[in-house]
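Visitor: Below is the structure I would like to discuss, written out as structure tokens.
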Amino acid sequence: MPRKLHIIGELMNNSYARARRAFTERNPAGYQQLARLQTEVGADYLTLNLDGTQRIQVRRQEMLDFLPDVIPAIQEATSTPIAFDNPSVDYHRVALEHYDRLRSGPPIVNSLAASRERLDEMVELVKHYDTLAVVMASETFVPDGAAQCLNPQDSYRAAKYFVELLQTKAGRRNDQIIIDTGLAPVGADTYGLVNIGLDAMRLISADPDLKGVHLIVGLSNFAWGTPTTVKDDLENAYLTLGMEAGLDFALANPEKNPAPLAFDHPMVASLREALAQGRLQEGESPEIAGFRQAEAIMNVCREVEAVDF
């Protein structure tokens, strides 16, 4: 039976206009409003990502200077724990220094990955502040640094590596570790990354040494580029398939009430078939299978729009 789906609310992120405005104005009250809103609609955690996006440039020092003001303000507004999301060790250090775990419980450090600079320092922060940790298992170590995992076995091995690292170096239990196998936009997934992520989840879930670890995806990327009439059902259909494979966390917009669809929902069957189209056939390249998957997703969108029209 699938575990409960835990939602990490993503609205305190400069990709969203309300958060962008609050950051531009350095307005903690704007973050308090977003924190309360997400808590009220059922978010289990609240991500705090002050980094730049395509719409706003943010210097590292600007983030570091604002964290001591915004974190206590958020914790005054709600006791929902915070997930700190940034590749910078300095960001996490400042954030954790100003986070009151007695008020909100253990925070989440998001994320550890093969590409992170000063990875050992980030692991030490996880240990020192007794946090949960998100691991990026969509990246693997290579001789020159890091590379994207292009098969589920590499993603599974990356997960194993980080679980052992966090157990031995940070004293983490499996249930304090959250593994992100990655999630690509399904309509532009020419390398089979959606299937790779799901297959990696299945490998992780089947490993007795990894029993109890959590699995997460960033849900909002999945339906990127699809019509608004399709997005919500497509995302929720993915949750159905993901939870079959062991998924139990999602970074998502809680205002959209993300939740898995029934197994017999037509969109679940359509997505399952589209992903089957993305499986490699003998002698073909990933791109060919990827374009076949993309075409299947486009057909699903056309069918939904035709019905709505």
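The values are calculated or read from the model by the stated rules, or taken from the named source; none is laboratory data. Just so you know, these numbers come straight off a predicted model, no measurement behind them. As a convention, Cβ positions derive from the backbone with ideal geometry for all residues, glycine included, and neighbour counts pool all protein chains shown.
Visitor: Over 19 Å from D130 (Cβ atoms), surrounded by fewer than 22 Cβ atoms within 10 Å (Cβ to Cβ) and touching a Gly at 6+ places or on another chain (Cβ under 8 Å): is that true of Y161 in this structure?
Guide: So Y161 does not fit the description; no.
Visitor: Taking segment 260-283 as the region of interest, how many residues are under 24 Å from the mean Cα position of the chain (by Cα), more than 18 Å from N195 (Cβ to Cβ) and surrounded by fewer than 15 Cβ atoms within 10 Å (Cβ to Cβ)?
Guide: Count: 2.
Visitor: Same structure again: Is there any pair with a first residue in segment 172-190 that is at positive phi and a second that is small (G, A, S) whose Cβ atoms are under 9 Å apart and which are 6 or more apart or on different chains, and what are they?
Guide: Listed pairs, sorted by first residue: G182/A137; G182/S138; G182/S155; G182/G197; G182/A200; G182/G218.
Visitor: Sticking with this one: Given the criterion out of contact with any Asp or Glu (no Cβ under 7 Å at 6 or more places or on another chain), among the small types (G, A, S) and within 20 Å of I8 (Cβ to Cβ), identify the matching residue among G192, G182, G187.
Guide: Result of the check over G192, G182, G187: G182.
Visitor: Looking at E273, E282, which one is free of Cβ contacts under 8 Å to residues at least 60 places away in the same chain and part of a loop (DSSP other than H, G, I, E, B)?
Guide: Result of the check over E273, E282: E282.
Visitor: Tell me which residues, restricted to segment 71-95, are without any contact (Cβ under 8 Å) to a residue 60 or more places away in the chain, aliphatic (A, V, I, L, M) and under 16 Å from I216 (Cβ atoms).
Guide: Hit for segment 71-95 is I82, nothing else.
Visitor: Let me ask something else about it. Scan segment 285-309 residue by residue and report those that are without any contact (Cβ under 8 Å) to a residue 24 or more places away in the chain and of a type in the set (F, W, Y).
Guide: The one that is without any contact (Cβ under 8 Å) to a residue 24 or more places away in the chain and of a type in the set (F, W, Y): F309.
Visitor: Could I ask something else about it? Quick check, is N299 modelled with pLDDT of 95 or more, on the phi < 0 side of the Ramachandran plot and of a type in the set (S, T, N, Q)?
Guide: So N299 fails the test.
Visitor: Please verify whether D65 is of a type in the set (D, E), without any contact (Cβ under 8 Å) to a residue 40 or more places away in the chain and surrounded by 15 or more Cβ atoms within 10 Å (Cβ to Cβ), treating the condition exactly as stated.
Guide: When the stated conditions are applied, D65 does not pass them.
Visitor: Among the candidates E244, E255, which residue alone is in a helix (DSSP H, G or I), out of contact with any helix residue (DSSP H, G or I) (no Cβ under 7 Å at 6 or more places or on another chain), closer than 26 Å to N49 by Cα and in contact (Cβ under 8 Å) with a residue 40 or more places away in the chain?
Guide: E255 is the lone residue from the list that is in a helix (DSSP H, G or I), out of contact with any helix residue (DSSP H, G or I) (no Cβ under 7 Å at 6 or more places or on another chain), closer than 26 Å to N49 by Cα and in contact (Cβ under 8 Å) with a residue 40 or more places away in the chain.
The rows are residues; the columns are (1) within 22 Å of R3 (Cβ to Cβ); (2) modelled with pLDDT of 95 or more; (3) surrounded by 14 or more Cβ atoms within 10 Å (Cβ to Cβ).
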{"residue": "T228", "(1), (2), (3)": "no, no, no"}
{"residue": "Y238", "(1), (2), (3)": "yes, yes, yes"}
{"residue": "G246", "(1), (2), (3)": "yes, yes, yes"}
{"residue": "P254", "(1), (2), (3)": "yes, yes, yes"}
{"residue": "G290", "(1), (2), (3)": "no, no, yes"}
